[in-house]
1. Want the number for Ala291 to Thr307: 0.36 nm per residue separation, take away the alpha-carbon distance, what's left?
2. How large, in percent, is the carbon and sulfur part of the accessible surface of the chain at a probe radius of 1.4 Å?
3. How do Ser97, Ser132, Ser5 rank by accessible surface area computed with a 1.4 Å probe, from largest to smallest?
4. Label Gln199 and Trp61 with points 7 Å out from Cα along Cα→Cβ: what is the distance between them in nm?
5. Straight-line reach from Lys205: which aspartates and glutamates have a Cα under 19 Å away, not including same-chain ones fewer than 8 places off?
6. Placing +1 at every Lys and Arg Cβ and -1 at every Asp and Glu Cβ, with all other atoms neutral, what dipole size does segment 2-162 have around its Cα centre, in debye to the nearest 20?
7. So how far, in whole Å, is the C-alpha centre of segment 115-140 from the one of segment 232-264?
8. Using just the helices of the chain, give the 222 nm mean residue ellipticity in deg cm²/dmol: DSSP H runs with n ≥ 4 each add -39,500 (n - 2.57), and the total is spread over all residues, rounded to 500.
Amino acid sequence: MTIASACGKIILLGEHAVVYGRPALAAPLPDLRATAAASDLAEGEPGSVCIEAPDIELAAWLHELSPDQPLAVIVRLTRQALAIEKHPPLALRVQSSIPVASGLGSGTAVSVAVLRALSAHWGHPLAPERQSALAFEVEKLHHGTPSGIDNTVVAYEQPVYFVRGDATQPFPIGAPFTLVLGDTGLRSNTSMAVGMVLQAWQAEKERFEALFDRVAGTVALGRKAIEQGDWATLGEAMDKNQQLLQEIGVSSDELETLIETAKQAGALGAKLSGAGMGGNMIALVETEAAADIEQALQNAGAAWTMTVEVGA
Ligand code: MEV
């Protein structure tokens, strides 16, 4: 049996504007993972794949799945990339500890875990660049105009400074910092959020371009602050970014409640992370305050919370 996994992710600064060519910062969540296990079956047609994903109550043969089912897509893409067709019949089991549709990259992590397990099982492990490119093909199916930031941070599993179309740039984190994540419990539908921003941009291009430029300003501020270990300024950059995300139209009352709660409980800055409209917020906190801030978020209705060290 060959087992592989891939991490979840957070967007530190710059989501949505990154789709329009502005830079963004993202970091991996190494403790939240999707795992895929590939093993040869004793019986079955050559090239057949039996897929089990208990988290989404899926158990089916590959050929029974709709061609655009994300697991079916990544299995076929991996086979194509490796020019493998008639492999021995295979069982593929996929599981994940990443909350689904919550802005934490669960779908991307599943794609990367599967392509890692399959390519290793067939003796041709793929380099991160190819992993990222294959996962990007699946992202395109989910939402027509992905920037590529999610597949990049998950495939490389390092913090990245990302500009659409540019070579991937890992960025150094001067000193680790602590974030508390809080989930609204509401689905964050990336394709819906990205589509809504697209419509708004089409209706008011000048206003939205200016908003995206201001987001880029917060990314520049935050990047420098991270390099210098200046947490007050990073918090300020996150707060400014959140105000802009509100204006862009991707925040929600539930996100605002958790963000406000984290701030009142002492967070240095807080914002939504990912596509928004639901899903997770992230708060920059003093390490000693993390447990209290998690508790405050839970009291305010968070469905799930977690403390992470970025750059540890
Ligand atoms: C989603 O994690 C980030 C978005 O900017 C979409 C994208 O960049 O493809 C909302």
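The values are calculated or read from the model by the stated rules, or taken from the named source; none is laboratory data. These figures come from a predicted structure and were not determined experimentally. No Cβ is skipped: glycine too gets one built from the backbone with ideal geometry, and neighbour counts run over all protein chains shown. The accessibility values were calculated without ligands, DNA or RNA, using every heavy atom of the protein model including side chains. Shrake-Rupley method; radii C 1.70, N 1.55, O 1.52, S 1.80 Å.
1. 5.0 nm
2. Its accessible area is 51 percent carbon and sulfur atoms.
3. Ser97, Ser5, Ser132
4. Roughly 4.1 nm, to one decimal.
5. Glu15, Asp213, Glu247
6. 400 debye
7. Answer, in whole Å: 35.
8. -13500 deg cm²/dmol
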